[in-house]
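Have a look at the structure below, then the notes.
The values are calculated or read from the model by the stated rules, or taken from the named source; none is laboratory data. A quick note: this is a predicted structure, and the numbers were derived from the prediction, not measured. Backbone-built Cβ (ideal geometry, glycine too); neighbour counts: all protein chains shown. Please note that ligands, DNA and RNA were not included when accessible areas were found on the heavy atoms of the full protein model with its side chains. Shrake-Rupley method; radii C 1.70, N 1.55, O 1.52, S 1.80 Å.
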Amino acid sequence: MKKLKVLSCIMAFMMIATACSSNKAPTDNSSQEQPESKIEVVSTNPTPEKNESDSKEYDVTDSADVVIVGGGGTGMSAALTAVENGAEKVIIVEKLPVLGGFMRMKTGQFSAANTTIQKEAGIEDSVEKYEAEINKFANLNGGHPIEYLIHAYATNATEAWEWAYNMGVKDYPFLKDKDGKAAIMNPGHMPYEINRTYIPLAKEDSTIVNPVIEVFSKELAKHDNIKVYTEVEGRKLLTNENGQISGVEALGVDGKTYKFDTKKGVIMATGGYAANPKLFEKYSTDLKNLISAALSSDDGYGLRMMQEVGAGITEEAMRWIETYPKGMVNEGSTTTGVNGSTGTYYTGGILVNIEGNRFLDECAWDDEVRNAGLKAQPDSYMFEIFTDKILEDTKGTLRGAYDSFKEGGEYRSRLVEANSIEELAQKLNINVENFKATVEKYNKAVEAGTGDEFGREFVKKPGKNRVEAVNKIEGDKFYALKLQPIVLSSRGGIMVNKDNQVITADGTVIPGLYAGGEVVGQMWGKTIAPGVGMNGSITWGRITGKNIMTMPMADKYDVKPAPDIFDMSLFEKEKAEIDGIDFTNLKDGTYTGEAKGMNDVVKVEVTVKDGKISSVEIKEHKESAGISDPAIKEIPTKIVNAQSTKVDGITGATITSKAIKEAVENALK
């Protein structure tokens, strides 16, 4: 594992590496079978199941007090919490090769009220103020949240954050403001009225970029009674004769079938559907050039699993697709990308559409202004336009990403560079005269300093606007970065009650079934407040892990599919023809090649012996640890075995897989 450098400032984007899978045995924290639970089994627990699963044969069977489907932040939190509340054994079923889910891919913003960090900074806050502000965000843009879920979150968020903080997150460095305080005014979003955002950063020797996930991983490793099955996907919820959820049927990437029985029930923490364009298209057809930065595992199948036993979905919220105006499409893809921005429009840069026109106040406080503005433009594309001086001025700002776009930065290659405005327009394929007129008009407004037609101000007003520096578009070098709408998470999902028990459309509780995290619909309204996504994962895990162990389980539930159950076609993966090269009669020797991966260049060394590829070795890469590992391990072997790069990539790690194959091809040219 490579070391991760502590960042001096938070980047203005989130780096999302897609997930992957490989043939790997389940991870078992225990060296032997756990003893039977000493908890007295009462009538509220599931009775022995009698359904079609009794006659099935499974390759692997296991049982526990609690089974959790999904090993992201919510699932990990729930597992630890269930053990705290008396579970003698917990099973986590995770379809990816590693735990942590979306949170594993990046550090991020956490928020909570009345915390230790705030108290140390002398900041007074309250749960009531926090809840009110979350509701304010949630009701923006025509959204309306499920208020009892926001209340449950706000009421429990401080305890959840402090739990993780004291578990070890407090020992990590934090992003601090200019006054050296770790309770900051959140960057990249509309801010709270009170400094209640916290951004923990990786240590120098960290192997996971998100400190919370690293701390949880270490804590899980201490528990022999938490058994983790990775690369195993939940496929079906099992019930008994009383209609209670009694287990999970699952499938491993190696084709093995699994059955997990439970005494107390199942927690579904399977995430959302932001990586499933078919589900988005089912509810909205007016999105243009939308790309996704979600994990490929976020396909929404967990929703269908719950619908099969009657769960209702938040139909209206399924139509709420929150996008961000910072989508950088991945090389070789039209559907996936990275949420990123130079942040130069805060330091004097501008945004123009494909016709070369400005269309908004680039420094608007609310990111939704830029989001709505982008989606209204032709083909939903825009370009950030800036100069060396403007990029230099982003250095040290909370919303800038200087290190990523400077000379040698990991995203420098995404920039279009020119020696003049005219040349830049030609490279962007936009009208030269129109673009020149736009830049000239903007420069005159900067000189006047009195604001422009869009209301953009040309003076810094800390706390009142987002102007970080004032510059004209002039200099020796001019740059552009193309952006389009990107989706990071979904808003629709399953229906739950105030205790996070899954319910039918008419409010009936499905006994023994809980859900937490992004799989739950409508809880944040249309606009998610800063830091509640990350801290929500911890909090929903705390709530579901405690409730499943302490609340009685109903029975006499009539199990039947929901009437609006999703069609299976929405989850079928499209099979694409595999590109590549077949190699024959090669010249013996050792060759090197490279290609662009998700994060940086992937370098390989290819050895040819007796006219055939005898080995492929990855010599250098900066792909995301854990997620990219199966591709790094398996793709070279596949190429050697096939004597070809026409091999299947690793699901989720498609960009890393593609980079390795292209690097081999480049080596053997």
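Per-structure values
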| item | result |
| --- | --- |
| Cα gyration tensor shape of segment 384-451, rounded if a/c is under 1.5, else prolate or oblate by comparing a/b with b/c | oblate |
| Proximal lysine pairs, segment 330-451, alpha carbons under 22 Å, eight or more residues apart or interchain | 10 |
| From the coordinates shown, Rg/Rh (Cα atoms, Kirkwood Rh) corresponds to which of [x] 0.98; [y] 1.00; [z] 1.13 | [x] |
| Percent accessible area from carbon and sulfur atoms, segment 341-456, protein chains only, probe 1.4 Å | 45 percent |
| Surface accessible to a 1.4 Å probe, per residue, for the residues of segment 131-244, Å² | 37 Å² |
| Surface accessible to a 1.4 Å probe, per residue, for the residues of segment 325-385, Å² | 26 Å² |
| Ellipticity estimate at 222 nm from DSSP helix runs (n ≥ 4, -39,500 (n - 2.57)) divided over the chain, nearest 500 | -7500 deg cm²/dmol |
| Taking segment 144-228 and dividing mean pair separation by its residue count, relative contact order in percent (alpha carbons under 8 Å, at least six apart) | 22 percent |
| Within the accessible area of segment 508-590 (1.4 Å probe), percent carbon and sulfur | 51 percent |
| Neighbour-limited loop hits for trypsin sites (Lys or Arg not before Pro), segment 537-624 (at most 10 other Cβ within 10 Å; DSSP other than H, G, I, E, B) | LYS556, LYS573, LYS575, LYS587 |
| Label-reachable residues, segment 649-669, where backbone N falls under 14 Å from a point 7 Å from LYS587's Cα toward its Cβ | 667-669 |
| Of all DSSP beta bridges in the chain, antiparallel share, percent nearest 5 | 70 percent |
| 0 to 90° range, to nearest 10: angle between helix 654-667 axis and the chain longest Cα axis | 60 degrees |
| Charge dipole of the chain about the Cα centre (unit charges at C-beta), most positive-ward option of SER380, VAL215, LEU391 | LEU391 |
| Residue pairs, from the table LYS603/LYS658; LYS227/LYS546; LYS106/LYS326; LYS603/LYS661; LYS326/LYS472; LYS477/LYS622, whose Cα atoms sit over 21 Å apart | LYS326/LYS472; LYS477/LYS622 |
| FRET E, pair ILE578, GLU440, Förster distance 41 Å, beta-carbon r, rounded to 0.05 | 0.25 |
| Sequence-distant aspartates and glutamates (8 or more away, or on other chains) whose Cα lies within less than 17 Å of LYS89 | ASP28, GLU33, GLU36, GLU40, ASP62, ASP65, GLU219, ASP224, ASP261 |
| Relative contact order (%) - criterion: Cα under 8 Å, at least six apart; region: the chain | 21 percent |
| Segment 511-669: radius of gyration and largest Cα-Cα distance (Dmax), Å | 23.7, 72 |
| About the Cα centre, charge dipole magnitude for segment 443-573 (Lys/Arg +1, Asp/Glu -1 at Cβ), debye | 480 debye |
| Degrees between helix 127-138 axis and first principal axis of the chain (Cα, 0 to 90, nearest 10) | 70 degrees |
| Lys/Arg +1, Asp/Glu -1 at C-beta; segment 464-562 dipole; positive extreme among GLY493, PRO561, ILE528 | ILE528 |
| Share of carbon and sulfur in the accessible heavy-atom surface of segment 158-278 [1.4 Å probe, %] | 47 percent |
| Prolate/oblate/rounded label for segment 110-258 (Cα gyration tensor, a/c 1.5) | oblate |
| Cubic angstrom per residue, convex hull over Cα atoms of segment 101-196 | 126 Å³ |
| Taking segment 347-438 and dividing mean pair separation by its residue count, relative contact order in percent (alpha carbons under 8 Å, at least six apart) | 31 percent |
